[in-house]
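Shown next, in structure tokens, is the structure this report addresses.
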Amino acid sequence: MARLVVTGGAGFIGSNFVHHVVSHTDHHVTVLDKLTYAGNRRSLDGLPDDRLAFVHGDIADAPLVDELFRSADAVIHYAAESHNDNSLDDPRPFLETNIIGTYTLLEAARRHDTRFHHISTDEVYGDLELDDPQRFTESTPYNPSSPYSSTKAGSDLLVRAWVRSFGVRATISNCSNNYGPYQHVEKFIPRQITNVIRDIQPRLYGAGENVRDWIHADDHSSAVLTILEKGTIGETYLIGADGEKNNKDVVEMILQLMGRPRDAYDHVTDRAGHDMRYAIDSTKLRAELGWRPSFQDFEAGLAATIQWYRENEDWWAPTKDRVEAFYASKGQ
Ligand code: NAD
Ligand code: DAU
């Protein structure tokens, strides 16, 4: 049995990873999470006490981090400020957590020679034109667009430098857009599902032609576990499930699955600097480490996600009004 520390384990993808690890391995997990507006302790409800410990704290708190690394076999680093729209409003927390926080963890990994896996995003590569036949690969040059993605790119480069300069035993993964349970209602898919539940029209930024490459959060988790077990130190792996869809098609699918007319949505003010398209080529992860996604049918995964939000209104309702007030102030 290994002792894992998962930063950001009370967030969307981190909590899905903790559930995945508890179901598929015998590892013990210690979650380190600051419980920002995006963290929810309840996302870890139901997990057995002998498999999970929860530490409420900041990844930029060096003494706390040092103590946790002392007894960890591996650290999987999910904690981040993660929302592009928030980064346009107030970039500072993105620098503090994504850059200084990651630096603090890397220094502890260096001191304790801890195996470290850094979770990152395909947004570090910028965006593609709609008709570009290329997809992102591990050798695509970094070209981030937003304050969020630029801090994630910066954190990736810190990890690479700590591997090369100090021999830190780290890997990096860059994944495409996730969907599934426990995602904050500020994000596209949960926002529209919970809008429909509340009889509010879904909101599409601009013309809705922007393409995202959707992957179920559980497939992201299985990929990270595969990299942790079989990945080569110093390497980067792209994670994706060939799920390209434009936003308009996704909104129409949500409306149809929820029994509403497919055109019952509003176009609203576009996001500043809005990336047009992301697309991942995950050949390296599949060919070298033998990983495959399990969720092949996006519509079925989306239907299950809708069902989860219908059944867990008490999980998301406390944050919904504040999120909608924030968007309304920006005409979105
Ligand atoms: P999220 O916003 O849902 O969760 C982030 C978690 O980190 C929260 O629990 C929050 O409380 C915690 N946190 C924030 N600042 C912290 C700090 N200073 N110290 C400790 N904990 C802190 O984010 P998410 O969507 O689950 O994303 C998780 C990771 O995956 C991020 O690194 C993100 O860049 C990456 N990622 C996300 C996606 C996606 O589609 N959401 C895709 C690819 C990569
Ligand atoms: O690609 C990976 C990234 O995916 C992660 O690094 C980020 O952490 C994660 O938030 C996500 O970023 P996006 O900006 O792509 O996700 P978001 O859910 O904010 O938006 C998805 C798309 O939907 C995007 O084109 C903007 C659009 N959108 C979003 C909202 C909230 C709308 O059209 N309407 C909305 O109400």
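Quick notes
- Selection of strands (runs of 3 or more DSSP E) fully inside the range 147-220 by the criterion of at least 3 residues being in contact (Cβ under 8 Å) with a residue 60 or more places away in the chain and not hydroxyl-bearing (Ser, Thr, Tyr) returns 170-175, 211-213.
- Test for residue 198: is it away from ligand 1 (no atom under 14 Å from the Cβ) and either touching a Phe, Trp or Tyr at 6+ places or on another chain (Cβ under 8 Å) or at pLDDT below 95 (or both): no
- If you go through the range 261-273 and keep only what is more than 16 Å from ligand 1 (Cβ to nearest atom) and part of a loop (DSSP other than H, G, I, E, B), you end up with 261, 262, 263, 264, 265, 269, 270, 272, 273.
For every residue, the table says whether it meets (1) in contact (Cβ under 8 Å) with a residue 12 or more places away in the chain; (2) within 25 Å of residue 156 (Cβ to Cβ); (3) assigned to a loop (DSSP other than H, G, I, E, B); (4) open to solvent by less than 20 Å² (accessible area, probe 1.4 Å).
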site: 6; (1), (2), (3), (4): yes, yes, no, yes
site: 19; (1), (2), (3), (4): yes, no, no, no
site: 26; (1), (2), (3), (4): yes, no, yes, no
site: 38; (1), (2), (3), (4): yes, yes, yes, no
site: 46; (1), (2), (3), (4): no, no, yes, no
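- Residues of the range 193-208 that turn out to be more than 7 Å from ligand 2 (Cβ to nearest atom) and surrounded by 19 or more Cβ atoms within 10 Å (Cβ to Cβ), as a count: 5
- When residues of the range 103-147 are limited to those that are among the hydroxyl-bearing types (Ser, Thr, Tyr) and within 19 Å of residue 227 (Cα to Cα), the one nearest to ligand 1 (Cβ to nearest atom): 121
- Condition met for residue 227 (away from ligand 1 (no atom under 14 Å from the Cβ), assigned to a helix (DSSP H, G or I) and open to solvent by less than 20 Å² (accessible area, probe 1.4 Å)): no
- When the criteria are applied in full, residue 236 fails the requirement of being closer than 15 Å to residue 190 by Cβ and open to solvent by less than 20 Å² (accessible area, probe 1.4 Å).
- Within the range 100-123, the residues that satisfy the criterion of being under 16 Å from the mean Cα position of the chain (by Cα) and either over 16 Å from residue 235 (Cα atoms) or among the basic types (Lys, Arg) (or both) are 102, 123.
Okay, residues lined up against (1) in a helix (DSSP H, G or I); (2) in contact with a helix residue (DSSP H, G or I) (Cβ under 8 Å, 6 or more places away or on another chain); (3) on the phi > 0 side of the Ramachandran plot:
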position	(1), (2), (3)
295	no, yes, no
302	yes, yes, no
306	yes, yes, no
310	yes, yes, no
318	yes, no, no
321	yes, no, no
325	yes, no, no
332	no, yes, no
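- Single unsatisfied condition, residue 270 versus (1) buried (at least 16 other Cβ atoms within 10 Å of the Cβ); (2) touching a residue at least 24 places away in the same chain (Cβ under 8 Å): (1)
The values are calculated or read from the model by the stated rules, or taken from the named source; none is laboratory data. Remember, predicted model here, so these are calculated numbers, not experimental data. For neighbour counting, all protein chains shown are included, and Cβ atoms are generated from backbone atoms with ideal geometry for every residue, glycine included. In case anyone asks, the SASA skips ligands and DNA or RNA and just uses the protein heavy atoms, side chains included. Shrake-Rupley method; radii C 1.70, N 1.55, O 1.52, S 1.80 Å.
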